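Notes follow the structure.
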Amino acid sequence: MSGEPPAKKVHTMVKIGTHNGSFHCDEVLACFMLKQLPRYKDAEIVRTRDQKQLDQCDIVVDVGGVFNPETHRYDHHQRTFSECMNSLRPDKKWVTKLSSAGLVYLHFGHEILANLLELPAADPVTDIIYDKVYENFVEEVDAIDNGINATDEEPRYRISTNLSCRVGGLNPKWNDKDVDENERFHQAVKMVGEEFLDRVNYYKTAWLPARDIVLKAVNSRLEVDPSGEIMCMAEGGAPWKDHLFNIEEELKISPPIKYVLYADNNGHWRVQCVPLKLGSFENRLSLPEEWRGIRDDELSEKSGIPGCIFIHASGFIGGNKTYEGALAIARAALKQPRCAES
């Protein structure tokens, strides 16, 4: 038996591997999310396409041609890759092809959010926010990186200010001679990270608490109007649309709610139409066409409702000085022929 002391274990820095050259929002977001985990918090980000260097990394995203969670390889560029959230987690509905950001979010998202929210990964709130952050943040990054259009129709205008575009704008220009590409990459990580954290915080502190307010408004809608198609929000600034759609589906609300009343910052009242679906500019039943674009006394005279302030030209929202006036606008709008629904 040797009398020599055992060799000391050499500590090596944990490494996250990704490609060098032009950077994109997906690997930038993937790297940021990984660094929210304790085991990758102090990891070095190695930007290279040298396979020997990548092989030395503890985890590799967006490069290497391999998707294998067991060895922590998360590339999506190989011809055989076609995975989406639904194919890897059948309990989730999204079918957009995953980028490196989506792959990291799918495999580590609950753990990342649990750390940020200070909740167990299995907590129902963690799962609710997991879904919202994917649907309203990560999926867009996945789609853009994979060249998937938001619509099958020809878009009427081009959006050039989304997160992926802004990350692209941080890449050195073709004629920049003295710009440090890695420095720009880390600027992108900081920018994307701030937006990711802001979105998570919004869902935790603002969006989720609003559900109870919307549920209370839905349950008391018959006290507002016997039709059940008008509800009144106790907190005017609370986000209500996606909560309303979810609650209507859960409670099998019929007929669906057409108008939401709430007080604005000036103490006046608004009546807002419920859209056909989340993100739509079309409404279940718009405010009367003959009132649109008219204001103040002219509108009050035309509608026969005192205290009117305005009806938007598109008919999606209107205002009155009092709750009673806003309710009268909504009740009058309900009397329109239903063929006027748009």
Can you name the residue in the stretch 278-312 that is part of a loop (DSSP other than H, G, I, E, B), open to solvent by less than 50 Å² (accessible area, probe 1.4 Å) and touching a Leu at 6+ places or on another chain (Cβ under 9 Å) and is also nearest to His243 (Cα to Cα) among such residues?
Arg284
Taking only pairs six or more apart or across chains, which ones have beta-carbon atoms under 7 Å, a first residue in the stretch 317-335 that is open to solvent by 20 Å² or more (accessible area, probe 1.4 Å), and a second residue that is part of a helix (DSSP H, G or I)?
Ala332/Ser303
Give the residue, chosen from Pro90, Pro5, that is over 24 Å from Phe196 (Cα atoms) and modelled with pLDDT under 95.
Pro5
Can Glu70 be described as out of contact with any strand residue (DSSP E or B) (no Cβ under 6 Å at 6 or more places or on another chain), under 22 Å from Tyr134 (Cα atoms) and of a type in the set (D, E, K, R)?
no
From the list Lys97, Lys92, exactly one residue is touching a residue at least 24 places away in the same chain (Cβ under 8 Å), open to solvent by less than 20 Å² (accessible area, probe 1.4 Å) and basic (Lys, Arg). Which is it?
Lys92
Of the residues in the stretch 24-46, those that are touching a strand residue (DSSP E or B) at 6+ places or on another chain (Cβ under 9 Å) and within 25 Å of Glu139 (Cβ to Cβ) come to Asp26, Glu27, Val28, Ala30, Cys31, Leu34, Lys35, Tyr40, Ile45
Starting from the stretch 111-137, take each residue that is free of Cβ contacts under 8 Å to residues at least 40 places away in the same chain and within 21 Å of Tyr40 (Cβ to Cβ) and list its partners that are among the small types (Gly, Ala, Ser) and outside any loop (DSSP other than H, G, I, E, B), counting only C-beta distances under 8 angstrom and pairs at least six apart or across chains.
Pro120/Ala114; Ala121/Ala114; Thr126/Ala114; Tyr130/Gly109
Out of Ser160, Ser164, report the one residue that is in contact (Cβ under 8 Å) with a residue 60 or more places away in the chain and of a type in the set (Gly, Ala, Ser).
Ser164
Could you pull out the residue among Pro275, Pro226 that is closer than 30 Å to Thr322 by Cβ and open to solvent by 30 Å² or more (accessible area, probe 1.4 Å)?
Pro226
Please indicate, with yes or no, whether at least one residue in the stretch 162-182 is at pLDDT 95 or above, of a type in the set (Val, Ile, Thr) and either open to solvent by less than 50 Å² (accessible area, probe 1.4 Å) or part of a loop (DSSP other than H, G, I, E, B) (or both).
yes
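The values are calculated or read from the model by the stated rules, or taken from the named source; none is laboratory data. Remember, predicted model here, so these are calculated numbers, not experimental data. Here the Cβ is made from the backbone with ideal geometry for all residues, glycine too, and neighbour counts use every protein chain on show. For the accessible areas, the whole protein counts, side chains as well, though only heavy atoms, and no ligand, DNA or RNA atoms are used. Shrake-Rupley method; radii C 1.70, N 1.55, O 1.52, S 1.80 Å.
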